[in-house]
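Below is one structure; the comments refer to it alone.
The values are calculated or read from the model by the stated rules, or taken from the named source; none is laboratory data. This structure is a prediction, so every number in the text was calculated from the model and none was measured. So basically every Cβ, Gly included, is an ideal-geometry build from the backbone, and we count neighbours across all protein chains shown. These area figures cover heavy atoms from the full protein model, side chains too; ligands, DNA and RNA do not enter into them. Shrake-Rupley method; radii C 1.70, N 1.55, O 1.52, S 1.80 Å.
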Amino acid sequence: MSGRQHSRGGAAVGFLSEIDPVEASAVVYMRMWFDSPAEQSRVWNDFAKSLGPDHARNALRSFEHLWKLCSLHGRRPLMRHSVSCKCLGGDEACFANIIGYAAEGQREDAFLMAANLVRPDIAPAVVSLAEEFGHALQRMMTRTSAQFENTVVPLAPRDRRHLH
């Protein structure tokens with residue numbers, strides 16, 4: 001694999017502050033989930049606080065199955081930026097769009113984006129899981145901002161003055 005192929009999908013295509021809060025949350029939570037067990041615990045706490053334990057468990061199960069499909073049937077290994085990075089990588093942008101489109105009921109667009117990450121025969125399952133996860137994120141975003149004081153992902157868009 002050439003260096004270019006190795007980093008394909010990791011190139012910055014924008015900033016988290018430029019995308020919808022639900023989509024940005026999907027990216028941040030994905031980064032955290034794959035960072036460390038401590039970060040996974042923080043993700044669980046955010047979900048459990050805003051959704052309750054049962055709904056949180058269902059949301060995280062959808063998320064885990066989604067990533068299992070992406071890992072097993074991905075066109076190539078997916079790239080992620082670090083948890084604290086303000087950039088948005090190409091693969092992360094694609095993932096965010098899948099979640100956003102699916103949560104909004106735009107399944108065809110979500111399918112087209114999913115087919116960029118996984119085989120087309122797997123894309124419908126990815127879209128269904130993304131829809132479940134996206135709906136959970138939407139419910140979290142509709143909670144009052146007071147509930148989000150100590151959560152990882154803020155409701156308001158991030159500061160757009162920072163480039164990296």
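Brief remarks follow.
- Centroid-to-centroid separation of the stretch 37-68 and the stretch 81-102 [C-alpha atoms, Å]: 18 Å
- Summed side-chain charge close to Arg31 - residues other than Arg31 whose Cβ falls under 9 Å, Lys, Arg +1, Asp, Glu -1: -2
- Accessible solvent surface per residue of the stretch 23-151, calculated while the other protein chains remain in place, 1.4 angstrom probe, Å²: 47 Å²
- Summing +1 for each Lys or Arg and -1 for each Asp or Glu among the other residues whose beta-carbon sits under 14 angstrom from that of Pro124 gives -3.
- Net length available on complete extension from Glu104 to Met79 is 6.5 nm, with 0.36 nm assigned per residue and the Cα-Cα distance removed.
- Net lengthening on full extension, Ala11/Arg119 (0.36 nm per residue, minus Cα-Cα): 36.7 nm
- Distant-in-sequence amide contacts of Gly89, defined by a placed amide H-H separation under 5 Å and a gap of 5 or more residues or a different chain, comprise Val13, His81.
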